[in-house]
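Reading through the structure tokens given below for one structure.
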Protein chains: 2
Amino acid sequence: MLNDIFLSKQNPVPVFDLLLKNVARHIHLQPDETDFFISLLQVRRLVKKAFLLQAGEVCRYETFVLEGCLRNYYLDDNADEHILQFSVEDWWTSDLYSLLTQTPASQFIDALEDTTVAQIERDNLERLYLEVPQFERFFRIMFQNAFIAQQRRILQNIGSTGEERYLAFREKYPALERRLPQHQIAAYLGITPEFLSKIRGKLAKG
Amino acid sequence: MLNDIFLSKQNPVPVFDLLLKNVARHIHLQPDETDFFISLLQVRRLVKKAFLLQAGEVCRYETFVLEGCLRNYYLDDNADEHILQFSVEDWWTSDLYSLLTQTPASQFIDALEDTTVAQIERDNLERLYLEVPQFERFFRIMFQNAFIAQQRRILQNIGSTGEERYLAFREKYPALERRLPQHQIAAYLGITPEFLSKIRGKLAKG
DNA sequence: CGCGACGTTGATTTGCCTCAACGATTGTGG
DNA sequence: CCACAATCGTTGAGGCAAATCAACGTCGCG
């Protein structure tokens with residue numbers, strides 16, 4: 001298990017449907033460009049709790065979730081987990097700083113469910129930028145959107161109470177709220193599981 | 001004052017030296033591409049406290065600071081200011097969501113000092129992407145870096161006390177710490193000015 | 001000069017954490 | 001299939017970080 005499976009053209013394409021649709025949202029590829037893109041991809045399967053990346057390793061791939069759910073988190077000095085991001089189907093993830101600089105990662109990425117991902121190696125991503133410059137555009141738009149989403153989150157953290165952040169999370173990601181264990185949501189919101197429980201208790205009554 | 005000054009080639013180029021160096025850090029332009037880029041720029045001067053953008057307006061420009069200092073902030077329901085970003089010389093800023101979607105901005109941008117900026121209109125930025133695709137790469141790298149910087153900030157906010165955040169800010173932006181009034185730094189760190197004052201008092205003694 | 005912007009300090013309150021104990025559920029090996 | 005251990009969520013008592021409110025000193029500047 002956890003083998004890297006290198007794909008070439010004889011592999012059935014449908015595996016990548018979700019990814020190709022994701023890309024098609026922002027750029028249009030010629031058939032040969034699509035083939036080239038697919039030739040750079042690898043599929044990896046993770047069982048629940050398996051690590052895709054551990055702090056200290058160098059992050060080698062940009063990753064797209066085909067099925068399942070990942071989380072990026074960080075351990076502080078007290079060994080408490082702080083969650084940066086959940087990534088379900090149709091989301092991208094990596095430790096971007098580690099990927100770009102090829103230095104040891106500070107983040108962990110692990111699977112909250114059995115998960116299937118498509119990955120592209122750093123060097124292949126650079127090749128992709130050179131040979132299909134449209135991907136510069138694609139990732140420019142991706143990072144723009146990610147930047148905007150993170151700005152919102154910073155505002156939430158700076159300006160709101162735990163209760164307000166929980167309500168906003170619920171509003172924005174109703175599916176995630178049902179799918180994830182409560183203490184994971186707490187680690188994302190930056191509060192303790194106990195406190196989240198109390199918030200929920202209060203909301204249920206009030 | 002606050003006039004938009006449209007520049008053409010007869011303008012002296014040195015005004016844009018800082019901006020051209022900023023661009024040259026990531027991409028290399030041909031002379032005619034540089035000329036085209038410059039032809040799309042406008043210079044604007046702001047006196048201290050002048051607004052570059054107010055919430056409710058549509059953000060029309062991506063902005064590069066040539067001299068001075070801007071801040072992006074947001075007003076919460078209690079009309080408290082929360083600062084998203086300071087932008088001194090050599091930094092880019094805008095309300096990106098408003099710029100991209102052409103919807104009313106939620107952020108304010110104003111000048112903390114007399115400030116000179118170079119701006120590029122949204123439509124001209126799109127033209128630039130089409131005619132000089134290298135700029136897709138440039139802004140892809142820009143937003144990547146901005147994304148990474150913001151991730152760090154989220155971790156800081158979620159996992160650290162006010163004192164730790166202040167010390168980290170001091171470490172990371174020693175020049176800003178001397179340049180900005182204390183209550184602006186407090187609004188950036190997400191604490192009250194009073195509390196920052198107490199932190200500093202304690203640090204001075206301890 | 002006098003006013004507004006800025007910073008300091010103290011008293012009190014509140015949001016959230018820590019620690020601890022306790023059900024409920026899940027899952028796993030024997 | 002049961003037994004036992006994890007895992008997960010709840011609840012309560014006490015404590016600390018940071019907000020709030022208020023008063024006061026100091027500038028710089030119109």
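Count Lys and Arg as plus one, Asp and Glu as minus one, and take only other residues whose Cβ is under 11 Å from that of A:His82; the net charge is then -2.
Only DSSP H runs of four or more residues enter the estimate; each adds -39500 (n - 2.57), and after division by the residues of chain A the mean residue ellipticity at 222 nm equals -14000 deg cm²/dmol. Ascending distances from the B:Ser106 label point to its copies in the other chains, with the point 7 Å along the Cα-to-beta-carbon line: 2.6 nm. For A:Lys202, a cut-off of 23 angstrom between C-alpha atoms picks up these lysines, skipping any fewer than 8 places away in its own chain: A:Lys172.
Residue by residue along A:91-103, Cβ atoms of other protein chains within 10 Å of the local Cβ number 2 on average. Angle of helix A:193-205 to the longest C-alpha principal axis of chain A, folded into 0 to 90 degrees and rounded to 10: 70°. Between A:Glu171 and B:Thr103, what FRET efficiency comes out of the Förster formula 1/(1 + (r/R0)^6) with R0 = 22 Å and r the beta carbon distance, rounded to 0.05? It comes to 0.70.
Each peptide in B:117-128, A:45-56 receives the mean, over its residues, of other Cβ atoms within 10 Å, and ordering these scores from highest gives B:117-128, A:45-56.
Taking the Cα atoms of segment A:128-180, the ratio Rg/Rh between the radius of gyration and the Kirkwood radius comes to 1.21.
Based on the Cα gyration tensor of the protein assembly as shown, what are the three equivalent ellipsoid semi-axes, each the root of five times an eigenvalue, rounded to whole Å and given largest first? Intermediate values should be presented prior to the final figure.
Numbers: eigenvalues 241, 205, 69 Å².
Working from the Cα gyration tensor, I get semi-axes of 35, 32, 19 Å.
For segment A:70-206, with the dipole built from +1 on Lys and Arg beta-carbon atoms and -1 on Asp and Glu ones, taken about the Cα centre, which of A:Val88, A:His183, A:Ala168 lies farthest toward the positive end? My answer, from the dipole projection, is A:Ala168. Label-point distances for B:Thr192 to the equivalent site in the other copies, using a point 7 angstrom along Cα→C-beta, read 2.3 nm when ranked shortest first.
Just need the relative contact order of segment B:55-134 here, percent rounded to a whole number, with Cα pairs under 8 Å and 6+ apart. Present the calculation step by step, with values, prior to reporting the outcome.
On the way: 158 pairs, mean separation 34.0, N = 80.
Averaging sequence separation for qualifying contacts and normalising by length gives 43 percent for segment B:55-134.
If one takes the longest principal axis of the Cα atoms in chain A, at what angle in degrees, from 0 to 90 and to the nearest 10, does the Cα axis of helix A:162-172 lie? That works out to roughly 40 degrees.
If R0 is taken as 45 Å, the Cβ-Cβ distance between B:Ser197 and A:His183 corresponds to a FRET efficiency of 0.80.
Peptides A:98-106, B:20-28, A:62-70 ranked from most to least packed by the mean count of surrounding Cβ atoms within 10 Å: A:62-70, A:98-106, B:20-28.
Taken about its Cα centre, chain B carries a charge dipole of about 840 debye when Lys and Arg each add +1 at the Cβ and Asp and Glu each add -1 at the Cβ. For segment B:39-190, what D do you get in µm² per second when you plug the Kirkwood radius from alpha-carbon pairs into Stokes-Einstein at 20 °C and 1.002 mPa s? Rounded, D is 130 µm²/s.
Read-outs throughout are calculated quantities, based only on the coordinates presented, and are distinct from any laboratory measurement. Everything numeric in this text was worked out from a predicted model, so none of it was measured. Here Cβ is always computed from backbone atoms with ideal geometry, including for glycine, and neighbour counts include all displayed protein chains.
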